[in-house]
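Following: one structure in structure tokens, then a few remarks.
What follows draws every value from the coordinates through simple rules; no lab data is involved. The structure displayed is predicted, hence computed values, not measured ones. Reconstructed Cβ throughout: ideal geometry from the backbone, glycine too, with neighbour counts over all protein chains shown.
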Amino acid sequence: MKVVGLETIIFGVDDIPSCATFLTDYGLIPVDVTDEGGRFEALDGTGVVLAKTEDPSLPASVGNGCMMRKTIMGVADQQSLDDLYAELSKDRAVETLADGSIESHDDSGFAIGFQISKKKQINLVGEISNLPGSPFQRPVNQLGVDVDAEQIRPISLSHIVYFVPDVKKAEAFYVERLGFRCTDRFEDIGPFLQPSGSLEHHTHFLIGAPPFMQGVEHFTFHFSGPTELMQNGERFIKKGYQAFWGPGRHILGSNWFWYFNSPFACHIEMDADMDLHDKNWTPRVSPMGADASQAFLMRNREKWAPGADTPHNGDYE
Amino acid sequence: MNKFSPLCHVDDLENDCTKGFLENENGQDAIFIVKKNGELYGWKNACPHVQGAPMAWRKDQYLNTQKTHLTCFAHGALFDPTTGLCIQGPCLGKTLEKVELFVSSEGIVSFLDLNNKNKES
């Protein structure tokens with residue numbers, strides 16, 4: 001039973017055009033998108049699907065205004081899919097859909113699907129920092145930043161974060177029934193969870209919250225590195241989108257982050273450079289708080305440069 | 001003296017629309033106005049859930065699709081546009097901070113800018 005990661009998140013929304021513009025400006029590639037919805041893909045084919053709120057093919061919302069209607073996870077092979085079907089059928093309804101995927105619900109009531117992984121193999125190299133003498137450097141004459149770069153693209157769907165009313169129960173489902181591992185934990189908040197077929201620090205993070213908050217806190221895609229993340233985020237702000245937190249670098253997972261408001265009643269993040277762990281990793285337990293949440297935190301600013309035209313007090317108030 | 005800072009002309013605001021003002025360098029408004037049934041309501045762009053968190057999903061976009069409620073697009077909290085009361089979301093029962101608006105006989109919309117206290121008017 002090898003879950004390899006998240007492959008699709010489905011949202012039911014009322015304003016498809018605005019949501020489509022938002023996802024496209026974020027960097028996702030529209031695929032067969034109409035006024036009725038469509039798919040928005042990262043470079044490896046993972047992505048977000050938009051559909052109308054009232055679309056009868058969508059599983060029901062968990063309520064509270066949550067627009068996320070289903071997550072689809074990839075599994076390694078047919079045997080894994082069959083094993084999951086058998087496991088989940090022990091105590092809940094499981095449906096096989098026309099495309100061969102299966103659909104059910106987790107113990108918090110979120111709709112979940114599983115498919116044989118459709119993730120494309122992409123042979124991209126992440127951001128490399130040059131250092132004299134290092135064996136890992138960019139090819140000579142390859143630039144570290146390109147201010148004229150066209151739309152920066154997310155590489156792969158990274159993770160989703162849920163508000164859940166019973167975090168122990170929610171964690172037990174993913175660990176005991178789906179074979180996830182806890183990699184780290186925020187005390188009194190919840191666990192970071194890694195599927196058995198992935199080395200990524202987390203594809204799911206669970207936050208204990210009152211029932212009226214149940215829903216999604218955020219979802220995010222990986223970018224190739226901090227430079228593209230910050231370049232894309234700066235451009236996103238210039239288009240009028242609203243930053244919530246970041247840019248900065250988390251401690252648990254080490255991922256760079258930048259969170260924005262979204263029309264999906266949750267945040268969307270841009271992330272990069274997440275840690276990899278295997279079964280030899282010992283999970284940490286960290287108290288929640290500003291110092292534990294990030295190694296450092298920055299804020300976007302208007303560009304300026306010291307020079308002849310600089311006001312007498314520089315750029316400072 | 002407190003200062004009444006002009007924001008816009010009343011004709012610049014459309015019914016069932018929102019407009020933000022006093023944008024910072026992060027592209028976020030300090031305050032915004034919603035026009036509902038011809039009346040103007042001013043609110044601080046600060047969700048009561050996370051102190052000071054910006055609410056719009058894009059510049060000037062503070063309403064849900066149905067245009068019935070102000071929305072914090074951080075977690076989808078819904079607020080009554082005329083009272084600021086949160087009726088759904090993590091800050092259920094809390095209210096937005098009101099901004100007092102004034103409309104002159106010429107139709108200029110201004111607000112009482114407490115930050116301009118003691119500055120020249």
(Q) Which one, B:T65, B:T95, B:T18, has the greatest fluctuation when you compute a Gaussian network model over chain B with C-alpha springs under 10 angstrom? (A) B:T65
Q) Roughly what would the spin-label model give for B:N37 and A:F212, points 7 Å off Cα along C-beta, in nm? A) 2.5 nm
Q. Measuring from a point 7 Å past the Cα of A:V125 along Cα-to-C-beta, which residues in the range A:145-163 have an amide N at less than 17 Å?
A. A:145-146
Q | Shape box of the protein assembly as shown [Cα atoms, principal axes, largest first, Å] | A | 75, 57, 44
**Q.** For chain A, built as a Gaussian network whose Cα springs stay under 10 Å, the top-fluctuating residue of A:P165, A:P306, A:P287
**A.** A:P306
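Among the listed pairs A:K303/B:K94; A:K238/B:K44; A:K168/A:K238; A:K168/A:K279; A:K90/A:K120; A:K90/A:K118, give every one whose C-alpha distance is greater than 29 Å.
A:K303/B:K94; A:K168/A:K238; A:K90/A:K120
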Q: Mind giving me the FRET efficiency for A:F296 and B:E25? R0 is 25 Å, r the Cβ-Cβ distance, nearest 0.05 is fine.
A: 0.80
Q: May I ask for the Rg/Rh ratio of the range B:3-113, computed from Cα atoms with Rh as the Kirkwood radius, given to two decimals?
A: 0.95
Q: Could you calculate the FRET efficiency of A:Q151 with B:F102 from 1/(1 + (r/R0)^6), where r is the beta carbon distance between them and R0 is 56 Å, rounded to 0.05?
A: 0.80
Q. To the nearest whole number, what is the average tally of beta carbon atoms from other chains within 10 Å of the beta carbons of peptide A:19-25?
A. 1
Q: Return the distance in nm (one decimal) between the two label points of a simple spin-label model at A:D188 and A:A86, each offset 7 Å from Cα along Cα→Cβ.
A: 4.3 nm
Q) What Rg and what Dmax come out for the range A:149-190 when only alpha-carbon atoms are used, in angstroms? A) 14.9, 46
Q.
Order B:20-30, B:98-108 from most to least packed using the mean count of other Cβ atoms within 10 Å.
A. B:20-30, B:98-108
Q. In deg cm²/dmol and to the nearest 500, what is the mean residue ellipticity at 222 nm of the protein assembly as shown if only DSSP H runs of at least 4 residues count, each as -39500 (n - 2.57), divided by the residue total?
A. -3000 deg cm²/dmol
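Can you work out the FRET efficiency for the pair A:A76 and A:A98, with r the C-beta to C-beta distance and R0 = 22 Å, to the nearest 0.05?
0.50
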Q: Within 10 Å, count the other beta carbons around each residue, average over each peptide in A:224-232, B:6-14, and list them highest first.
A: A:224-232, B:6-14
Q) Roughly how many Å is it from the Cα centre of the range A:272-315 to that of the range A:136-155, as a whole number? A) 21 Å
**Q.** chain A: most fluctuating residue of A:E127, A:E302, A:E36 per GNM, C-alpha cutoff 10 Å
**A.** A:E302
